[in-house]
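What follows is one structure encoded as structure tokens, with my remarks underneath.
The values are calculated or read from the model by the stated rules, or taken from the named source; none is laboratory data. Not measured: the values here are computed from a predicted model. Cβ atoms come from the backbone with ideal geometry, glycine included; neighbour counts cover every protein chain shown.
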Protein chains: 2
Amino acid sequence: MSELRKDIISGRWVIIAAERGKRPDDFRPAPVEKIKEPAGFCPFCEGNESKTPREVYALRKNGKRPDRPGWLVRVVPNKFPALTRGIPPVQHEDGIFRWMDGVGVHEVVIETPDHDKELSDLPLYHLQHVLETYKKRVVSIEEEFQYKYVHVFKNKGREAGASLSHPHSQIVATPIIPKKVNEELYGCERLHRQYGECIVCRIIRDETRKGDRLILRNDHFCVVAPFAPRFPFEMRIYPLRHSAWYTSLTKAESFWLARTLRTTLGKLKTTLSDPPYNFYIHQAPNPNLPHEAWANVEESFHWHFEIIPVLTRVAGFEWGTGFYINPVPPETAAGFVRGSG
Amino acid sequence: MSELRKDIISGRWVIIAAERGKRPDDFRPAPVEKIKEPAGFCPFCEGNESKTPREVYALRKNGKRPDRPGWLVRVVPNKFPALTRGIPPVQHEDGIFRWMDGVGVHEVVIETPDHDKELSDLPLYHLQHVLETYKKRVVSIEEEFQYKYVHVFKNKGREAGASLSHPHSQIVATPIIPKKVNEELYGCERLHRQYGECIVCRIIRDETRKGDRLILRNDHFCVVAPFAPRFPFEMRIYPLRHSAWYTSLTKAESFWLARTLRTTLGKLKTTLSDPPYNFYIHQAPNPNLPHEAWANVEESFHWHFEIIPVLTRVAGFEWGTGFYINPVPPETAAGFVRGSG
């Protein structure tokens, strides 16, 4: 019999319907579709800087000019943005309909000039620079308070939603706190009152003690397969030091985060034969905003990474109910991932 | 500039980021992946009745025996069920972890004995029988009150989550009211208080008057591209007669629903070159349950179909935020669909 499990923070139930005796290879995605790109041309490659909008940030050797070669990490506005910069939008109402201008920020973080590298192939210092770049951009965008939430995420592979194969991540700032972040904020606030401590600090302690869903732990971070995951091999990276904001990351911590992320992505690649994946950061909203609704956000929220390999398809059951059917218990997934690479 | 739109019932915001000048063909899915099946064998085909669990219902000619050929529509338990029948499950707690046995129902509705037909190819009387079968099964499952919600849905095509190509839909009954249904119930209850009438009745009136998102309307149903759709070409079928439960469908209405569904699926097929799709029914929870939480559910909730063609990929932005980026405004989608077939 399968098991129903509740994610304590979001209140979401998932169905863990183990297909027994399966090996990780059985969850390997269908042969990965190659992203079709015009041969010999990639707007993210070194030398093609003029093919993107003008850079908003780049890490380059001293004296090198913007929008020219000689960079390590480069951030540009998305050429086809979902949201565009502007003044704080007004919510319009016409009877039962509500809308506002699509004001926001949409940037691309080009992680390396090298088209054929992957995030998990980069040397540690380089990966650390990518993580520091996320932080710098978030801090800069948050200076404008109309951007209530800044979402950092990566889609790797076509099945995971990437349209270009050159390694990149994205940053989208929205004029509204996203629904899922709101749910987590409220859940964490409620649980902080109930347990008298941050629920994620509690999860880290309990998962470390139990050990069966713990994938790795070092002095600054731990990686866990969550108790009620939506997807097979879903993982979380939690910082051991409590903080609501990714932007509180210290230099020492970004080095350890680079190590942790590289090991985790490397293990994912080995265990599941290089699957497409998504990852994103969850953190508290723009700290420059008044946050009456989450008076306690600093104590109750705990920033983290969520990593989702794309192995199953979401269908009519999930879209209609918000339940997820996950064929791999997180204890099984953690065991496979822990043992690999 | 794109537009942010709010779904008034769920409170979900979507980003309508129109890619101008595109034709419906531009949203055509990648060449549809064929579902690989062992040649010459399908457990849902007539003659292979012994390959499925024993049928729980079938529409057959008088005098024909169960689990033999001679049926028009056949319902069997799912051979690999997500949930299985049992006594009302107890919620277990261990510290911060919550779970229960996976008690529920998981059935397959085989829509036709003919492997190569599609739901939208069936003659009207046959499609009406499929819709009547949904109703019969829901009524029967709801006799057991541990099944709080019965979800009827269809996945067509591999990209939409189907693992067999023989035309079928599924029924899953859960011991918990699903999160998304709960959100709609609460939203409709709140809006019923605010507007003094069912919000869906109001939506039907407003969309009929405006007309730009209306796809079709007959004496009993209307088809609408919703104001804030998550996905390109998402559609809703609303019954004009207010009712919270699909199971209130009369014979006359099931005939008109068959016509409406067939026309809608036919138009989808023509406009988007036969895309994979999901549809599901949203209705109020099991009426045999006490429903204190939605005292007013009968007046405030309005059952309907939601239809989602699978044309885009959900990625790190959507998973992390609950926002959706939709490149096709519903007014454009409605125009294309209305004009087709």
Inset, instruction - Among the numbered conditions (1) within 12 Å of another protein chain (Cβ to nearest Cβ); (2) surrounded by fewer than 21 Cβ atoms within 10 Å (Cβ to Cβ); (3) small (Gly, Ala, Ser), tell me where B:Gly266 comes up short. - result: (1)
Legend entry - segment B:312-327 residues that are free of Cβ contacts under 8 Å to residues at least 24 places away in the same chain and within 7 Å of chain A (Cβ to nearest Cβ), paired with ones that are surrounded by fewer than 23 Cβ atoms within 10 Å (Cβ to Cβ) and of a type in the set (Lys, Arg) (beta carbon under 9 Å, 6 or more apart): B:Arg313/A:Arg158; B:Val314/B:Arg230; B:Trp319/A:Lys180; B:Trp319/A:Arg230; B:Gly320/A:Lys180; B:Thr321/A:Lys179; B:Thr321/A:Lys180
Inset, instruction - Filter segment A:285-316 down to residues that are at pLDDT 95 or above and of a type in the set (Phe, Trp, Tyr) and give me whichever is surrounded by the most Cβ atoms within 10 Å (Cβ to Cβ). - result: A:Phe301
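Would you confirm, using the coordinates I've provided, whether B:Gln194 is within 11 Å of chain A (Cβ to nearest Cβ) and part of a strand (DSSP E or B)?
Working: within 11 Å of chain A (Cβ to nearest Cβ): yes; part of a strand (DSSP E or B): no.
No; evaluated as a whole, the condition is false for this residue.
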Legend entry - Residues located in segment A:97-142, provided they are surrounded by fewer than 23 Cβ atoms within 10 Å (Cβ to Cβ), acidic (Asp, Glu) and either more than 14 Å from chain B (Cβ to nearest Cβ) or over 30 Å from B:Gly11 (Cβ atoms) (or both): A:Asp114, A:Asp116, A:Glu118, A:Asp121, A:Glu132, A:Glu142
Legend entry - The one condition in (1) more than 20 Å from A:Arg12 (Cα to Cα); (2) among the β-branched types (Val, Ile, Thr); (3) within 14 Å of chain A (Cβ to nearest Cβ) that B:Val150 fails to fulfil: (1)
Inset, instruction - Pairs only if they're at least six apart or on different chains, beta carbon under 6 angstrom, first in segment B:202-231 and in a strand (DSSP E or B), second among the charged types (D, E, K, R); list them, first residue then second. - result: B:Leu214/B:Glu207; B:Ile215/B:Arg338; B:Val224/B:Glu207; B:Val224/B:Arg213; B:Val224/B:Arg236
Legend entry - Selection from segment B:73-89 of residues that are of a type in the set (Val, Ile, Thr) and away from chain A (no Cβ under 11 Å): B:Val73, B:Val75, B:Val76, B:Ile87
Inset, instruction - Residues being at pLDDT below 65, within 26 Å of the chain's Cα centre (by Cα) and of a type outside the set (Asp, Glu): count how many of those fall in segment B:1-57. - result: 5
Inset, instruction - Within segment B:154-181, track down each residue that is at pLDDT 95 or above, within 19 Å of B:Arg313 (Cα to Cα) and facing another protein chain (nearest Cβ under 8 Å). - result: B:Lys154, B:Asn155
Legend entry - Enumeration of residues in segment A:82-121 that are under 12 Å from A:Gln146 (Cβ atoms) and outside any strand (DSSP E or B): A:Leu83, A:Arg85, A:Gly86, A:Ile87, A:Pro88, A:Pro89, A:Val90, A:Gly104
Inset, instruction - With the checklist (1) more than 14 Å from chain A (Cβ to nearest Cβ); (2) in contact with an Asp or Glu (Cβ under 7 Å, 6 or more places away or on another chain); (3) surrounded by 20 or more Cβ atoms within 10 Å (Cβ to Cβ) in hand, flag the one item B:Arg236 doesn't pass. - result: (1)
